[in-house]
Structure formats: structure tokens, C-alpha cells
Amino acid sequence: MSLAELLPLASALSHDEKFQLIQNLLTQLAQETGIALPEPSVKPKQEQQAAAILQRMADRHALSEITDPVAWQRSLRDESPLTGRE
């Protein structure tokens, strides 16, 4: 199959499928060139669980009251003292 035939098929994939395709291609390319890849720090099951939790949070509009994430994060930092720096 040529690249001209492959690209339209790849563009029809979902975002997740495109990501998986890229991961697979990079892994294959690394193996072909003898590059050792590090083990992933997060296992696929953990990724799926985290994605499901985040999706549920999005469905429930969790944290939607946060209009300025940077200010919210700064306020959290201001509220909690740093360990050893009292």
C-alpha cells in the first residue's frame, strides 16, 4: 500500500486511533533501527482507568466553576505551606 492510499485512511481514524497508530509506528521504527525504548511508566489498564475517570468528570462538568485555572492553582499553593519551609 502506498502512502497516498494510506493517508486518507489514517485521517478517517478517531483521535485515539491516530495516537495508537503513531505509537505503533514509532515503536516499529525504533525496533528496526535498534533503538531501545524505555518501559512505559503507566500501564495500559491504568491509562484506561484514568481516561474513564476523566470522562466521567467531564460528563458531570466537574471543576467547571474554575474559570481561571492558573489563579485557582495559585490559590491552592497559597493555602498549603511547603513542607520544611514554615
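What follows is calculated from the coordinates using simple rules that are stated; it is not laboratory data. Nothing here was measured: the structure is a model prediction, and the numbers come from that model. No Cβ is skipped: glycine too gets one built from the backbone with ideal geometry, and neighbour counts run over all protein chains shown.
Some values worked out for this structure:
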| item | result |
| --- | --- |
| Residue match in the range 26-37 (condition: within 20 Å of the chain's Cα centre (by Cα), aliphatic (A, V, I, L, M) and part of a helix (DSSP H, G or I)) | yes |
| Cβ-Cβ under 9 Å pairs, at least 6 apart or on other chains, the range 47-63 side under 14 Å from Asp16 (Cα atoms), far side surrounded by 10 or more Cβ atoms within 10 Å (Cβ to Cβ) and of a type outside the set (S, T, N, Q) | Glu47/Pro40 |
| Of residues in the range 5-29 being farther than 20 Å from Glu47 by Cβ and of a type outside the set (S, T, N, Q), the one surrounded by the most Cβ atoms within 10 Å (Cβ to Cβ) | Ala10 |
| Residue identified as under 21 Å from the mean Cα position of the chain (by Cα), among the basic types (Lys, Arg) and in a helix (DSSP H, G or I) among Arg77, Arg56 | Arg56 |
